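J.: Mind looking over this structure? Questions follow.
The values are calculated or read from the model by the stated rules, or taken from the named source; none is laboratory data. The structure presented is a predicted model; accordingly, all values stated were derived computationally and were not measured. Counting neighbours? That spans all protein chains shown, and the Cβs are built from the backbone with ideal geometry, glycine included. Areas reflect the complete protein model, heavy atoms only, side chains present, ligands, DNA and RNA absent. Shrake-Rupley method; radii C 1.70, N 1.55, O 1.52, S 1.80 Å.
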Amino acid sequence: GIQFFHKYGSWRLKWQDVQYAKVPEIDGVSLSFVGFRLSSYTDFLATIPVRLALKLYMEQRPLLMAALGKGCQNGQCPSTFLTHNSEFTKQGYTYRGVLGLFAHRMEHLRELLDVDLVVPADVVDYSAEEFCRIINQQRLKRLNDNCG
């Protein structure tokens with residue numbers, strides 16, 4: 001799978017939990033992030049450390065605001081994206097507190113950028129596009145190997 005290390009902890013995605021990796025865009029302009037679309041939030045949210053979830057939640061706020069800005073030229077952004085609801089229910093699981101906040105952020109990123117999770121592009125040794133291509137190829141290879 002994919003593992004990301006941060007000074008506040010790490011997270012890991014199994015290949016079967018990743019639908020794809022891509023570079024998110026706003027109005028056709030690539031952002032300096034690698035984004036991951038997940039097939040399910042449950043395994044990921046069960047393993048991410050709360051301290052890391054909180055740090056990523058705070059670090060991703062500027063990205064959320066930039067993504068919201070594309071539809072907020074008149075200053076009327078959807079308030080649902082800006083509220084801080086700390087309870088989140090999906091697939092029969094309820095998350096509260098920091099994990100609830102982070103899960104809502106993941107859902108907002110999905111709606112706005114078509115990804116659930118992002119990492120800064122400068123943490124990988126390749127261009128963001130090349131890294132996404134490698135991740136997507138590896139994901140397909142691993143899933144095909146497990147089926148054959």
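A quick yes/no check of all residues on (1) outside any strand (DSSP E or B); (2) over 27 Å from Ser32 (Cβ atoms); (3) open to solvent by 60 Å² or more (accessible area, probe 1.4 Å):
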residue	(1), (2), (3)
Phe88	no, yes, no
Ala103	yes, no, no
Leu109	yes, no, no
Glu129	yes, no, yes
Asn136	yes, no, no
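J.: May I pose another question? Return the residues of the stretch 1-53 that are of a type in the set (A, V, I, L, M), without any contact (Cβ under 8 Å) to a residue 60 or more places away in the chain and out of contact with any strand residue (DSSP E or B) (no Cβ under 8 Å at 6 or more places or on another chain); say none if nothing qualifies.
T.: Across the stretch 1-53, the qualifying residues are Val29, Ala46, Val50, Ala53.
J.: Quick one: how many residues across the stretch 15-47 are of a type in the set (A, V, I, L, M) and open to solvent by 10 Å² or more (accessible area, probe 1.4 Å)?
T.: 5
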